[in-house]
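What follows is one structure encoded as structure tokens, with my remarks underneath.
The values are calculated or read from the model by the stated rules, or taken from the named source; none is laboratory data. It should be emphasised that the depicted structure is a prediction, and the values quoted were computed from it without experimental measurement. Because the Cβ atoms are built from the backbone with ideal geometry, glycine has one as well, and the counts that use them run over all protein chains shown.
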Amino acid sequence: MHNKFSAIVTKALRPTTDALDKKIKMNNKNKVISMRIKEFLSVVFVLLFSTNAHSGIISNGDFQSCDFQGWQKDTDSTGDPGATGDFSINNNVGDCSAVISVDVTAGATAFNANTLFTALDLTVASGELQLSFDWDFSGFDDGSFFADSFFVSLSNGTGGLFGADGEIGHLIEASSIYDSGSFSALLDASFYNQTNWTLDFTVQGGFNSNSVSSKLNIDNVSLTSVATSVPEPSTIIILFMAMAGLIGQQRFNSKRG
């Protein structure tokens, strides 16, 4: 009699037990899906919103100390000229920038050229290095072949001048045209983790009657480590379609449960 009663109770409770087991399995499945969605979102966040690994590698690149801290000056390859008009700080109510001049009327003493340079930290753990700066070249020369000119280069410390591509040349080729602009480029991987490299800004005096009257103003000099790549739009679309599928599956399972 007892066994018969137990069998009846077990049979009566089986639908409830089965339903409970099914609900537990569904909840576990939803937890797995939720975990996958969170993992997916973390991947999307890394891909889309990766920030710079580090910035401000160049010391005092914005010259907001209003002096040449972190920079070195050279006149005609003889070193720092001292208190002359060859190098100066343009202080606009605390917004400072650097000026390299060959203007004799402003006290410049260079016979050939003035160079302002700073050491580069090319350490790279991941990503790429992006170099950028603002420049303004002005004066009273005629812009001809023999006029005052300026150029910007990467120097290896032994006299070699290079462009961002790692080839011999300049970041900005020698120009006698008065103009202004912003430069930005990714450095070739051959520079990574190298030492004794500098960023050089040079102003060279010309040979016209109006020469030695020019100056180069520079500001916002930065070398920044950036993310290696950004996913293409098609990749982003595929990722979001996958996420939509996971969310849809979770909702379907919830309704069934």
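Side notes on the structure shown:
- Close pairs from region 179-197: first more than 12 Å from Thr123 (Cβ to Cβ) and touching a residue at least 12 places away in the same chain (Cβ under 8 Å), partner of a type in the set (S, T, N, Q) and part of a loop (DSSP other than H, G, I, E, B), Cβ under 9 Å, at least 6 apart: Asn196/Asn156; Asn196/Thr158
- Complete set of residues in region 157-193 that are surrounded by 13 or more Cβ atoms within 10 Å (Cβ to Cβ) and closer than 18 Å to Ala119 by Cβ: Leu161, Phe162, Ala164, Leu171, Leu187, Phe191, Tyr192
- Screening region 153-253 for strands (runs of 3 or more DSSP E) wholly inside it with 2 or more residues that are within 18 Å of Ile58 (Cβ to Cβ), of a type in the set (A, V, I, L, M, F, W, C) and at pLDDT 95 or above returns the ranges 179-186, 198-204, 215-226.
- Any hit, region 77-86, residues being in contact with an Asp or Glu (Cβ under 8 Å, 6 or more places away or on another chain), under 20 Å from Phe133 (Cα atoms) and modelled with pLDDT of 95 or more: no
- Selection of region 101-123 for residues being part of a loop (DSSP other than H, G, I, E, B), of a type in the set (A, V, I, L, M, F, W, C) and crowded, with 17+ Cβ neighbours inside 10 Å yields Val102, Ala108, Ala110, Leu120, Leu122.
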